[in-house]
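Comments concern the structure below.
The values are calculated or read from the model by the stated rules, or taken from the named source; none is laboratory data. Note that this is a predicted model, so its numbers are computed, not measured. When we count neighbours, we look across all protein chains shown, and the Cβ atoms used for this are built from the backbone with ideal geometry, even at glycine.
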Amino acid sequence: MAVTTPTMARPGGRVDARAQALYQLKVALAVRLPEREQDWANGVEHALALIEKALKENRTAANAPDSVLSEVDETRETLARQADGIRQERTDLLKECVMLQIDLQTAAHALPVDRELPSPLPTPATPAVDSVDFHELRQRLEEFRARVEGILQTETELVRESITTDLGAGD
């Protein structure tokens, strides 16, 4: 039996690909620096690619009858506005994911291929490893991860509120 985090399970027993990718990002970000920058960059790059794929698939399926937000009562203005906000946040997260991938690739290209061998001096197009702020990049990645986790939680709460109110439990 696979171990999952609570946010991975979706209605109908489906597993949310974004939650799985977020878990992989969390694991990749846990790699300790320094001396392991390349391992860290490879793991994070893979996890970001999974998140990007999941966000694109989610965006494509957003208006499908079985999407998470399809369960939201769009006749209630407040819930409809919140659902629209979530859709916009998803778009923003996708753009941010792409930008983080570009920044990560730039940082990874600055790493020497083998730390044991003396590396040639960097060319002007390739910054020195010391000039790459991995701490700042890690911080941005952690904030991104938190935002994606937050949107997953917000989606779940919105659907729960819509269903609960529809069933009359809020009366």
- Would you please list the contacts, defined by Cβ atoms under 7 Å and residues six or more apart or on different chains, that run from a residue in region 134-149 that is in contact (Cβ under 8 Å) with a residue 40 or more places away in the chain and farther than 18 Å from residue 98 by Cβ to a residue that is surrounded by 13 or more Cβ atoms within 10 Å (Cβ to Cβ) and among the charged types (D, E, K, R)? 134/37
- Message: So, residue 66, is that one at pLDDT 75 or above and either within 23 Å of residue 142 (Cβ to Cβ) or not hydrophobic (A, V, I, L, M, F, W, C) (or both) or not?
- Response: no
- Message: Criterion first (at pLDDT 50 or above, touching a Lys or Arg at 6+ places or on another chain (Cβ under 7 Å) and of a type in the set (Lys, Arg)) does residue 145 satisfy it?
- Response: yes
- Message: I'm trying to understand the selection: among the residues of region 54-91, which are among the β-branched types (Val, Ile, Thr) and assigned to a helix (DSSP H, G or I)?
- Response: 60, 68, 78, 86, 91
- Message: For region 52-88, give me the residue count where each residue is among the small types (Gly, Ala, Ser), over 19 Å from residue 99 (Cα atoms) and in contact with an Asp or Glu (Cβ under 9 Å, 6 or more places away or on another chain).
- Response: 2
- Item | Of all residues making up region 20-41, the number that are in a helix (DSSP H, G or I), of a type outside the set (Gly, Ala, Ser) and in contact with a helix residue (DSSP H, G or I) (Cβ under 8 Å, 6 or more places away or on another chain) | 11
- Item | Members of region 119-142 found to be among the acidic types (Asp, Glu) and either modelled with pLDDT under 85 or part of a loop (DSSP other than H, G, I, E, B) (or both), listed by number | 130, 133
- Starting from residues that are free of Cβ contacts under 8 Å to residues at least 60 places away in the same chain and charged (D, E, K, R), keep the ones in region 73-90 and report whichever is surrounded by the most Cβ atoms within 10 Å (Cβ to Cβ). 87
